[in-house]
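Here is the structure we will look at, set down as structure tokens.
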There are 2 protein chains.
Amino acid sequence: MAPKLGILAGAGELPSRVIAACRGAQRPFFVLAFEGSADPAAIEGAPHAWIRLGAAGEGLRILREQGVRELVMAGGVKRPSVLQLRPDWRTAKFFARIGYRALGDDGLLKAVIHELEQVEGFHIVGLDSILGSTLAPAGPLGRHLPDEQAQHDIARGFAIVRALGALDIGQAVVVQQGLVLGVEAIEGTDGLIQRCAGLKREGLGGVLVKATKPGQERRADLPTIGPRTVAGAAAAGLRGIAVEAGSTILVDQSELVATADEAGLFIVGVAPG
Amino acid sequence: MAPKLGILAGAGELPSRVIAACRGAQRPFFVLAFEGSADPAAIEGAPHAWIRLGAAGEGLRILREQGVRELVMAGGVKRPSVLQLRPDWRTAKFFARIGYRALGDDGLLKAVIHELEQVEGFHIVGLDSILGSTLAPAGPLGRHLPDEQAQHDIARGFAIVRALGALDIGQAVVVQQGLVLGVEAIEGTDGLIQRCAGLKREGLGGVLVKATKPGQERRADLPTIGPRTVAGAAAAGLRGIAVEAGSTILVDQSELVATADEAGLFIVGVAPG
């Protein structure tokens, strides 16, 4: 049997998906839920403990007490300011070494993974290895296909999101008829989609493009879309979603596709080129 | 006496500043105001005509009837989709040649300026030559100075806004303690500032950084800040504004500085380096 899995639980639906996958595989697990990010409903009924982001020392102690050696990161964490972090001694030591303020999100996650593996001796696995074949394939996922205008917008979107990714800011952009309606930063993809509803122009709607950052650490924070993303995109007047094939986690694929089909949205995986 | 000035009026306070400057210099002028962008109150009482963005043929005819040879662009224009544009014959010919959808904002403005000068024989002057010495100097403008954290945020902000500028998206970014709270796209700087209010972290507030795009056409759409920008930044919990020295138009400098001094914000011009 697979060893006990430690689930580092952030925001959204991913922690509950991982819990369900563990239960399905009868794999033992323990959830370490981050205050201010994890959704209490998502971990209800599962063995868990809550922890502040800045309390790394306590978190490591709990994981060891629980006999956990393998970890998975599930769901994003709302990144705090240094003041909000209120780091304990273990956290402060880490940040003193890496320099909290100098790092973007991916840089920070890489440093965290390195610390957990090289210094603390844990093994970090990717979400995709737990959730099975949930990565977006190349090509369309549902009934609807991007037309010529949408294909232009997708191409421009990927060009932008790659350049942004190199700056380690966000992973998503909304493009409508060549116009960049919005660029993701700390607000996250749902926030981006929502505000683009108020920025859209007349005529053919926009496209959401999500992609990994160049050189991104794949065991943390892979781009994710789910039925909620699709519903939000439809409500904002978007016509479809393009993601990077092989690097985007699809949450609830069948429901996602059904939602997109019904709303008239296309979902398409684009091979990185 | 200087020749009659044609004022291509977009959004915000700039058109009324240009009108005031013309009146002060007793220079004749005529305002061509873009529907959906220009503020009727800003051009009230001035000789003017309203025009749709897509009606270039009519706009050129009016300017010629008015005997205008010299033009200035004042205030941003809300960029429409192709459908909203409803181009007349003259506009359609122009866009067929340049390819509307392929261009970012600066690329489009450059093409418009080239068309007006090389094809139509107008002369385009920069806003700064009309408004006098209103460009931000290097160094602090008011009483307050950026501290060490703010200086870090300013440096990160400039690095990001330069990379963004190369993509011809936005000109502004908000950074708080190294975290990128927001990146400007089509919503404009006021919209960016407003939404960052809801994204801010605890502790020392963020900084707004505005800069030109690399190779930007200086006669169109130079970054602009005014008292309204400062008031918005203060309301959003920002600690200051950093702009590019020599390339940023200060609207109402004395009121701007007074507003910043009172609100405790720094305003600093940074020499491009």
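The values are calculated or read from the model by the stated rules, or taken from the named source; none is laboratory data. Quick caveat: nothing in here was measured; it's all calculated off a predicted structure. For neighbour counting, all protein chains shown are included, and Cβ atoms are generated from backbone atoms with ideal geometry for every residue, glycine included.
General observations
- Any chance B:GLY182 is in a strand (DSSP E or B) and facing another protein chain (nearest Cβ under 8 Å): yes
- Of all the listed residues (B:ASP128, B:ASP106), the sole one being touching a residue at least 60 places away in the same chain (Cβ under 8 Å), part of a helix (DSSP H, G or I) and closer than 30 Å to B:ASP261 by Cβ is B:ASP128.
- The range A:213-224, residues that are farther than 9 Å from A:LEU127 by Cα and touching a strand residue (DSSP E or B) at 6+ places or on another chain (Cβ under 6 Å): A:PRO223, A:THR224
- Candidate set: the range B:18-34, residues that are within 23 Å of B:ARG61 (Cα to Cα) and touching a residue at least 40 places away in the same chain (Cβ under 8 Å); chosen: the one surrounded by the most Cβ atoms within 10 Å (Cβ to Cβ): B:VAL18
- Scanning the range B:248-273 for residues that are in a helix (DSSP H, G or I) and either at pLDDT below 95 or within 13 Å of B:THR229 (Cβ to Cβ) (or both) yields B:GLN253, B:SER254, B:GLU255, B:LEU256, B:VAL257, B:THR259, B:ALA260, B:ALA263.
- None of B:VAL207, B:VAL174 is closer than 21 Å to B:GLY246 by Cβ and among the hydrophobic types (A, V, I, L, M, F, W, C) except B:VAL207.
- Number of residues in the range B:233-273 that are of a type in the set (S, T, N, Q) and free of Cβ contacts under 8 Å to residues at least 12 places away in the same chain: the value is 1.
- When A:LEU32 is tested against the conditions (1) touching a Lys or Arg at 6+ places or on another chain (Cβ under 9 Å); (2) closer than 16 Å to A:GLY76 by Cα; (3) not in a loop (DSSP other than H, G, I, E, B), the lone failure is (1).
- Pair list, Cβ under 6 Å, 6 or more apart: the range B:185-211 residue more than 9 Å from chain A (Cβ to nearest Cβ), other residue of a type in the set (Asp, Glu): B:LEU192/B:GLU184; B:VAL207/B:ASP153; B:ALA211/B:GLU244
- Restricting the range A:158-193 to residues that are more than 22 Å from B:ARG79 (Cβ to Cβ) and among the charged types (D, E, K, R), the residue that is surrounded by the fewest Cβ atoms within 10 Å (Cβ to Cβ): A:ASP190
- Condition met for B:ALA235 (closer than 29 Å to A:ALA197 by Cβ, out of contact with any Ser or Thr (no Cβ under 8 Å at 6 or more places or on another chain) and not hydroxyl-bearing (Ser, Thr, Tyr)): yes
- Among the numbered conditions (1) surrounded by 21 or more Cβ atoms within 10 Å (Cβ to Cβ); (2) among the aliphatic types (A, V, I, L, M); (3) more than 10 Å from chain A (Cβ to nearest Cβ); (4) in contact (Cβ under 8 Å) with a residue 40 or more places away in the chain, the only one that B:VAL230 does not meet is (4).
- The residues of the range B:86-98 that are over 19 Å from A:HIS152 (Cα atoms) and either part of a helix (DSSP H, G or I) or of a type in the set (Gly, Ala, Ser) (or both), listed by number, are B:TRP89, B:ARG90, B:THR91, B:ALA92, B:LYS93, B:PHE94.
- Filtering the range A:41-76 to residues that are closer than 18 Å to A:CYS22 by Cα and part of a helix (DSSP H, G or I) leaves A:ALA41, A:ALA42, A:ILE43, A:LEU63.
- Residues located in the range B:117-157, provided they are within 14 Å of chain A (Cβ to nearest Cβ), surrounded by fewer than 19 Cβ atoms within 10 Å (Cβ to Cβ) and of a type in the set (A, V, I, L, M, F, W, C): B:ALA155
- Residues in the range A:131-156 that are in a helix (DSSP H, G or I) and touching a residue at least 12 places away in the same chain (Cβ under 8 Å) were compared, and the one that is nearest to A:ASP221 (Cα to Cα) is A:LEU131.
- Within the range B:35-72, considering residues that are at pLDDT 90 or above and on the phi > 0 side of the Ramachandran plot, the one surrounded by the most Cβ atoms within 10 Å (Cβ to Cβ): B:GLY67
- Answer from B:ARG90, B:ARG97, B:ARG86 - the residue that is farther than 28 Å from B:PRO227 by Cα, modelled with pLDDT under 90, loosely packed, with under 14 Cβ neighbours inside 10 Å and charged (D, E, K, R): B:ARG97
- Positions within the range B:254-273 being polar (S, T, N, Q) and crowded, with 19+ Cβ neighbours inside 10 Å, in sequence order: B:THR259
- Count of the range B:162-177 residues which are touching a strand residue (DSSP E or B) at 6+ places or on another chain (Cβ under 6 Å), facing chain A (nearest Cβ under 10 Å) and at pLDDT 85 or above: 3
- In the range A:207-242, the residues that are among the aliphatic types (A, V, I, L, M) and part of a loop (DSSP other than H, G, I, E, B): A:ALA211, A:ALA220, A:LEU222, A:ALA236, A:LEU238
- Screening A:PRO15 with (1) assigned to a helix (DSSP H, G or I); (2) in contact with a Gly (Cβ under 8 Å, 6 or more places away or on another chain); (3) within 29 Å of A:THR229 (Cβ to Cβ); (4) free of Cβ contacts under 8 Å to residues at least 60 places away in the same chain gives one miss only, at (4).
- Check on A:GLY12, of a type in the set (Gly, Ala, Ser), within 14 Å of another protein chain (Cβ to nearest Cβ), buried (at least 20 other Cβ atoms within 10 Å of the Cβ) and touching a helix residue (DSSP H, G or I) at 6+ places or on another chain (Cβ under 9 Å): no
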